[in-house]
1. Give segment B:42-54 a look and list any residue that's at the interface with another protein chain (Cβ under 7 Å from one of its Cβ atoms), surrounded by fewer than 22 Cβ atoms within 10 Å (Cβ to Cβ) and part of a helix (DSSP H, G or I), or say none.
2. Given the criteria away from every other protein chain (no Cβ under 13 Å), more than 20 Å from the chain's Cα centre (by Cα) and assigned to a loop (DSSP other than H, G, I, E, B), does A:Gln123 qualify?
3. Given the conditions (1) on the phi > 0 side of the Ramachandran plot; (2) at pLDDT below 95, which single one is not true for A:Gly106?
4. Being free of Cβ contacts under 8 Å to residues at least 60 places away in the same chain, under 24 Å from B:Gln132 (Cα atoms) and either in contact with a Leu (Cβ under 9 Å, 6 or more places away or on another chain) or surrounded by fewer than 19 Cβ atoms within 10 Å (Cβ to Cβ) (or both) narrows it down to one of A:Ala227, A:Ala175, so name that one.
5. Only one of these conditions is not met by A:Val72: (1) buried (at least 17 other Cβ atoms within 10 Å of the Cβ); (2) farther than 24 Å from A:Cys174 by Cβ. Which number is it?
6. Could you check segment B:56-111 and list, in sequence order, the residues that are within 14 Å of another protein chain (Cβ to nearest Cβ), of a type outside the set (A, V, I, L, M, F, W, C) and outside any helix (DSSP H, G or I)?
7. Name the residues in segment A:105-120 that are in a loop (DSSP other than H, G, I, E, B) and farther than 17 Å from A:Thr52 by Cβ, would you?
8. Quick one: is B:Gly27 modelled with pLDDT of 95 or more, among the small types (Gly, Ala, Ser) and outside any helix (DSSP H, G or I)?
Amino acid sequence: MFTRSFLATLLVLGHVPMVHAEEDIFAEYRAMFGDDSPAILVEMDGEALWSTPAGTKGVTLESCDLGLGPGVVDGAYAQLPRYFSDADKVMDLETRLLWCMETIQGLDTIDLRDKPFSEQGTQQTALEQLSAFIAARSKGVAINVPQSHPKEIESFESGKRLFNFRAGPHDFSCATCHSQEGKRIRLQSLLQLNAPAGARESFSTWPAYRISQGAVRTIEWRMADCARQQRLPGLIFGSDFAVDLITYLGVQANGEPMNAPGLKR
Amino acid sequence: MNAQRTILFILPALSLLLVSCSFTNTGKSTDAIATDRDPVATSFRPLGQASLERLSQDEVQRICSKYEGLEVPAELVAKITASSAQAVVFPMDGNYFGDWKAGKVIAETGTGLQSNDDPSVANGGNCYACHQLAPDEIAFGTLGLPLVNYGKLRGTSEPILKYTWTRLWDSHSYNACSHMPRFGAKGILSEQQLKDVMAFLFDPQSPVNKEVAAP
C-alpha cells in the first residue's frame, strides 16, 4: 500500500511545469530502486507457478522447452521469439508458455488467451507472472534472437513490413510514432524502433513494471496497447502480427544485454 | 466513416500489398517460402467500435505504407496530393471559425475511435500529441511542427484560411504520405469541430496567439 500511494504522489509531482519533469522523476524513481524492482514479487509468483503441477496431466511446466532444451530457463528469454519444430511456428515467450500449458499440462487456456493481461488493480495473470520470472533469468544475457530457420527470417521480414502498415481512421502505423529519433508525444519520449539503438533499449526492458499501472506488463501487452492507440481492432494474443513485430524488434536488438523486468512510466 | 464493408474486401488489397512488398525485399528474401500466411487478416478481432473493416487499407494508406521512410515516386505524390485536395469539403456557410475554447478542448483531447472509447463521446483532435500550440502549454509533442502564434504570424487572409482548413481536412493535399491524420476526410472531427480548431489557431483571444510568457 505504501508503494501505491507513494507512486500516486510521484505521478502527481510528474505534472510540475517543467518539460522534462516526467522523464526526470521516473529516472529518479528507477535510481532509488537500484537493482531492486517491485516486479520481484511477480517474479516470485512466476517461479512458484513454473513448478506447480496443473492441468489434466497434473504436471509442472519444468519440462517446457523454451528453446534451449526442456526446463532450461536461464537465458531463454534472450533468444525468443524463435522457431519451434514441434509447433512448426515462430513463437515468442508468451505464445510458447501457452503451448506448453496446453500440450504438457493439458491445461484449458481459453480464459487466459481471452484475458492474457490483468486488469489494473487485480492479480497478475499466470502469463505475466511467468514472463516476469523467465525474463529475469535472462538478466545480463545478450539478446540473440535467431535468424537461421526460414520461418524466423519470414517473421522478421513480415514484422519489418507490418511496422509500416498504415490503417484505421487515423492512418497510424508503428512508424508514425517510432520512426524518428528524439521525438515525444506530449511529454512522453518515443523510441525509434526501426533502428538498433531504440530497439535495444525497448526489447531489453520488457516485460516491465509499469509504475502508472502498478503492474508488470509484457511485450505482448505493449503490442496490443499500441494497436489500441492506433485505432486498430483488438490484436489477438500470440497472433502472427504480434509475434512478427516482436521478432523484428528482437533481431534489431541482438547483442544488447537483457535487463528485464524493467521499470517504466 | 465506418461504412460497412465485408472482410472479403480486405483480401485483394492485402494481397496487393504483399505482392508489392515482395519486390522491395532484398538479400534474404522470404519469397522462396511458399506461404499463405497473412498476419493482417488473421491477427485481429473486432473490439468495441473498432471493426475489422479498419484493416482494409485505402489507396493512400497502401501507397504510404509501401514508401514509409522512402521517397514517394513523383507520379504517386502528384496523384495523392491531387485526389486529396480535390476531395476537401469547405464549410457550407463560408465561415471558418467556431469557438476557440471548444477548439482548445479538442486540441487537448486524445481520446476517440479507440476500441475502448465510448463512441457516443465526441472525438478529440489530440493536436498537442504532436504540436506545440499555446506557449503556456508545456505538455506538447514534437512529431509535428510547432504552431505557436499560428494566426498571429499568418493573418486571416482567405488563402491562409483555405490552406489551414485543407491541412486539417486532409494533410496529404500538400504533403503526400504526411503522418498527420486526415481529420476531415476520415470523419475524425466534424465540420463544427474543425471550425472550433480553426478558431483556436486563429482567434486573437486564443492562447495560441498570446505572447510567450516570460520564464
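1. Answer for segment B:42-54, where residues must be at the interface with another protein chain (Cβ under 7 Å from one of its Cβ atoms), surrounded by fewer than 22 Cβ atoms within 10 Å (Cβ to Cβ) and part of a helix (DSSP H, G or I): B:Thr42, B:Leu52.
2. no
3. With respect to (1) on the phi > 0 side of the Ramachandran plot; (2) at pLDDT below 95, A:Gly106 is out only on (2).
4. Just one listed residue meets the conditions, A:Ala175.
5. Tallying (1) buried (at least 17 other Cβ atoms within 10 Å of the Cβ); (2) farther than 24 Å from A:Cys174 by Cβ, A:Val72 fails exactly one: (1).
6. If the condition is that a residue be within 14 Å of another protein chain (Cβ to nearest Cβ), of a type outside the set (A, V, I, L, M, F, W, C) and outside any helix (DSSP H, G or I), then B:Ser56, B:Gln57, B:Asp58, B:Tyr67, B:Glu68, B:Gly69, B:Thr109, B:Gly110, B:Thr111 are the ones that fit.
7. Hits for segment A:105-120 are A:Lys115, A:Pro116, A:Phe117, A:Ser118, A:Glu119, A:Gln120.
8. no
The values are calculated or read from the model by the stated rules, or taken from the named source; none is laboratory data. Note that the structure is predicted; figures quoted are calculated from it, not measured. Using ideal geometry, Cβ is built from the backbone for each residue, glycine included, and neighbour counts are taken over all protein chains shown.
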